[in-house]
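Read the structure below first, then the notes.
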Amino acid sequence: MTHPGGGGSSNSDGGTTQPISGDGGGGDSGEPEPRPERDPRWGPCRDDQTSPRADGLCWQEYAPDEQPPAAEGEAPVIPPVQASDVARFAPATPAVGTEPDGVAVVGMPMNVIVRSGEHSATGSLFDLPMSVHFTPVEIRIDYGDGTTKTVPPNGGTWDELGQPEFTPTPTSHAYAARGHYQITATVMLAAVVDFGPWGTRPVTGLVASPAAARTVQAVTADTGLVQQTCLENPAGPGC
């Protein structure tokens, strides 16, 4: 076999001659030997190779920056999977709910509800087909007044929790002043990638879902004595 740029030729008896090193004045072909940079597959020799060239290089099947295709049945090299590698497959955080709906009473607990659940997606990662499974681990809530909280992903309504209204919950918050506040919630997910025949890989770190937000208004609740109820006088004070 004649290597590209090697200058080899065949004998009349069927053998082959080695490429002649030098500046091209010697070999049978009479052509100058190509410089290594013209074909990156001329590279350092392996232990089982002997260079036919003056510069000590040997012909390789693949250039140093090329990766040979995996042989049939040979497992590909899969690097560790980071959270950033699968972030694009993460589900969006569901809408943020509050009790009362969109309103908070200053000094009293407002319950925040963020639903979350397991999610799977398919796609390609590291040029390999795969599926990734996400499991909620925690929810990070920013209440918009400088208060943040990290809670388990198992919150619910007061009724679902079996609690009276305006009682504290793991996700509740009481505002100290009137105003409009933006609540932002982010679900943090653990993930595992399944590469099929090449096995599964746990994802290093938690994956942040795209955040969800909503605005609430904190108001004060005032009481006063009136002569009639709102049923008796719908136009009365406070009705």
For this session: Pick out, in residue order, every one of the chymotrypsin sites (Phe, Trp or Tyr not before Pro) in the stretch 140-178 that is DSSP loop and has at most 13 other C-beta atoms within 10 Å; say none if there are none.
Result: none
Exercise. How large is the dipole of the stretch 97-175 about the Cα centre if only Lys and Arg carry +1 and Asp and Glu carry -1, each at its Cβ, rounded to the nearest 20 debye?
Worked result: 160 debye
For this session: Using the heavy atoms of the protein chains and a 1.4 angstrom probe, tell me the accessible area per residue for the stretch 98-166 in square angstrom.
Result: 51 Å²
For this session: Compute the accessible area per residue over the stretch 171-237, keeping the other protein chains in place, probe 1.4 Å, unit Å².
Result: 60 Å²
Exercise. What is the calculated FRET efficiency for H180 to T200, with r their C-beta to C-beta distance and R₀ = 45 Å, to the nearest 0.05?
Worked result: 0.45
Exercise. Once you treat every alpha carbon in the stretch 99-239 as an equal point and sum by Debye, what is log10 I(q)/I(0) at q = 0.09, 0.14, 0.16 Å⁻¹?
Worked result: -0.43, -0.78, -0.90
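The values are calculated or read from the model by the stated rules, or taken from the named source; none is laboratory data. Keep in mind the model is a prediction, meaning the values are calculated, not measured. All Cβ positions, glycine included, derive from the backbone under ideal geometry; neighbour counts span all protein chains shown. The area values use the complete protein model at the heavy-atom level, side chains included, leaving out ligands, DNA and RNA. Shrake-Rupley method; radii C 1.70, N 1.55, O 1.52, S 1.80 Å.
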